[in-house]
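**Q** First the structure, then my questions, so here it is.
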Amino acid sequence: MTIRMPLLCLIVASFAQLALSQTPFDSLRLLATAEVYFDFAKANIRPDADSTLRVLYQKLPIDQQFRIHIAAHTDAIGSDAANMVLSERRANAVQQALEALGLPASSFESAAFAARQPATDNLTEANRQRNRRATIEVYQWLRLVTINGRIMDPATGGGVVGEVIIRAPVLQDTIQTDTSGFFAANLPPGTLFEVDVFAPGYFFETQTLTAEVGQVPKLEIPLKAVTPGASIDLKNFYFVGNEAILLPESEPELPKLLKFIQLNPFIQIEIAGHINLPNQPRVPVESWNYDLSVRRAKRVYDYLIEQGIDPIRLSYKGYGNWQMRFPTARSEAEQALNRRVEIKVLSDGK
């Protein structure tokens, strides 16, 4: 058995090698962990350790590819050289026990630490017993799903050069498209991810998708050109009911707007606030409801000013319920589209 590098280095090296070799199995997911203990100066598997390893084995799904990492330790009694040999023997004993249960030798990587990474101090016999241990971590190889996409101008059908940001619970990646607007990314199967797209001269776009096993999603993402009079709604942008307080889950939308403003340094915009008040006459300017639409627009305006955007490029205005998308809205989806914040281009600076 070869004693290899510690786990963190192992995983980093594995990902680097996988990226170069283009292997289809290039993601690891932790499936199970276990810890077993040894007698003083011994490396044989005790009955309690044998039971622990059998329980671990029974948790593993059949016909899967695994990477099993064993980290073996000793207490602080004895020389470092002797303890290193002992921890290697302990790692070897754990591997042999798991191989006997049916796991292939090729799936193992081990690290021996002697007494260098104690679980606790070595002042008492009980504590020293806790340090005479081996930890086992079982990882499953996952085949990544390739996401192919293209940013395009719907008016011309041509590709757009831009920046694509992939966000998922465990990763974030920024990708530059090629000159035809194409991009690709690899994600673990089943990952719910968000795609944010930015390009100079265009509004930004956000889409949320799932990387499904066995499928290769092909995304066609149209970007609306920035021209005077053009507008977009801020997606996923929600306020507390009857307040100008942004919901926490909507806070990440503000930096996207900021990036858009920074990518288009000559445009001037109006931030338009709207409320949902269906089946009602137009609210008067002096009403509380109209003021709510103003305050919601000003919430976005204030953020951009705080981030250093020149006030001369910005204005804000409330529209009450005057421009509802669904004046007779019945569903929650229709009402949500009524209570929106809209970005209107006043000038493209050309």
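**Q** List the number of the failed condition for Glu332; all other conditions in (1) of a type outside the set (Phe, Trp, Tyr); (2) modelled with pLDDT of 95 or more; (3) under 35 Å from the mean Cα position of the chain (by Cα); (4) within 20 Å of Asn242 (Cβ to Cβ) hold.
**A** It is condition (2) that Glu332 fails.
**Q** I'm checking my understanding of the structure. Among residues of the range 59-77 that are in a loop (DSSP other than H, G, I, E, B) and of a type outside the set (A, V, I, L, M, F, W, C), which one is surrounded by the fewest Cβ atoms within 10 Å (Cβ to Cβ)?
**A** Filtering first and then ranking leaves Asp63.
**Q** Can you find, within the range 276-293, the residue that is farthest from Ala225 (Cα to Cα) among those that are crowded, with 20+ Cβ neighbours inside 10 Å, among the hydrophobic types (A, V, I, L, M, F, W, C) and at pLDDT 95 or above?
**A** Of everything passing the filter in the range 276-293, Val283 is farthest from Ala225 (Cα to Cα).
**Q** Turning to a different aspect of this structure: Regarding the range 64-76, can at least one residue be identified that is of a type in the set (Val, Ile, Thr), in contact with a Leu (Cβ under 6 Å, 6 or more places away or on another chain) and on the phi < 0 side of the Ramachandran plot?
**A** So far as the range 64-76 goes, yes, one or more of its residues are of a type in the set (Val, Ile, Thr), in contact with a Leu (Cβ under 6 Å, 6 or more places away or on another chain) and on the phi < 0 side of the Ramachandran plot.
**Q** Name the pairs whose Cβ atoms lie under 8 Å apart, with the first residue in the range 54-73 and under 11 Å from Leu98 (Cα atoms) and of a type outside the set (Lys, Arg), the second at pLDDT below 95 and assigned to a loop (DSSP other than H, G, I, E, B), and 6 or more positions between them or separate chains?
**A** Tyr57/Gly102; Tyr57/Leu103; Ile68/Leu103
**Q** Kindly list, by first and then second residue, each pair from a residue in the range 193-207 that is in contact (Cβ under 8 Å) with a residue 60 or more places away in the chain to a residue that is of a type in the set (S, T, N, Q) and assigned to a strand (DSSP E or B), limited to pairs with Cβ atoms under 8 Å and residues at least 6 apart or on different chains.
**A** If the second residue must be of a type in the set (S, T, N, Q) and assigned to a strand (DSSP E or B), the pairs left are Asp196/Thr206.
**Q** Let me ask something else about it. In the set Leu171, Leu187, which member is under 21 Å from Leu28 (Cβ atoms) and either at pLDDT 90 or above or loosely packed, with under 15 Cβ neighbours inside 10 Å (or both)?
**A** Matching residue, one of Leu171, Leu187: Leu171.
**Q** Right, next: Collect the residues in the range 261-275 that are surrounded by fewer than 20 Cβ atoms within 10 Å (Cβ to Cβ), of a type in the set (S, T, N, Q) and either in a loop (DSSP other than H, G, I, E, B) or touching a strand residue (DSSP E or B) at 6+ places or on another chain (Cβ under 7 Å) (or both), keeping them in residue-number order.
**A** Gln268
Conditions tested, residue by residue: (1) in a loop (DSSP other than H, G, I, E, B); (2) surrounded by fewer than 15 Cβ atoms within 10 Å (Cβ to Cβ); (3) touching a Lys or Arg at 6+ places or on another chain (Cβ under 8 Å); (4) aromatic (Phe, Trp, Tyr).
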site	(1), (2), (3), (4)
Ile309	yes, no, no, no
Ile312	no, yes, no, no
Gly320	yes, no, yes, no
Gly349	yes, yes, no, no
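**Q** Further question: When you scan the range 215-235, do you find a residue that is surrounded by fewer than 16 Cβ atoms within 10 Å (Cβ to Cβ), free of Cβ contacts under 8 Å to residues at least 24 places away in the same chain and among the polar types (S, T, N, Q), even just one?
**A** Looking for residues that are surrounded by fewer than 16 Cβ atoms within 10 Å (Cβ to Cβ), free of Cβ contacts under 8 Å to residues at least 24 places away in the same chain and among the polar types (S, T, N, Q), one finds none in the range 215-235, hence no.
**Q** Of all residues being of a type in the set (Ser, Thr, Tyr) and in a helix (DSSP H, G or I) in the range 97-142, which is surrounded by the fewest Cβ atoms within 10 Å (Cβ to Cβ)? Just the residue, please.
**A** The extreme case among them is Ser106.
**Q** Looking at Val36, Val138, can you tell me which residue is in contact with a strand residue (DSSP E or B) (Cβ under 8 Å, 6 or more places away or on another chain) and either within 29 Å of Thr191 (Cα to Cα) or basic (Lys, Arg) (or both)?
**A** Sole residue among the options that is in contact with a strand residue (DSSP E or B) (Cβ under 8 Å, 6 or more places away or on another chain) and either within 29 Å of Thr191 (Cα to Cα) or basic (Lys, Arg) (or both): Val138.
**Q** Which one is farthest from Glu35 (Cα to Cα) among residues in the range 78-92 that are of a type in the set (A, V, I, L, M) and buried (at least 21 other Cβ atoms within 10 Å of the Cβ)?
**A** Among those that are of a type in the set (A, V, I, L, M) and buried (at least 21 other Cβ atoms within 10 Å of the Cβ), it is Leu86.
**Q** Restricting to the range 261-284, and then to whatever is aliphatic (A, V, I, L, M) and touching a Gly at 6+ places or on another chain (Cβ under 8 Å), can you tell me which residue is farthest from Val197 (Cα to Cα)?
**A** Within the range 261-284, the match that is farthest from Val197 (Cα to Cα) is Val283.
**Q** Continuing with the same structure: Going by the structure shown, is Ile245 of a type in the set (A, V, I, L, M) and crowded, with 17+ Cβ neighbours inside 10 Å?
**A** No; evaluated as a whole, the condition is false for this residue.
The values are calculated or read from the model by the stated rules, or taken from the named source; none is laboratory data. Since the structure is predicted, the reported quantities are computational estimates derived from the model, not experimental observations. Glycine also receives a Cβ, built like all others from the backbone with ideal geometry; neighbour counts cover every protein chain displayed.
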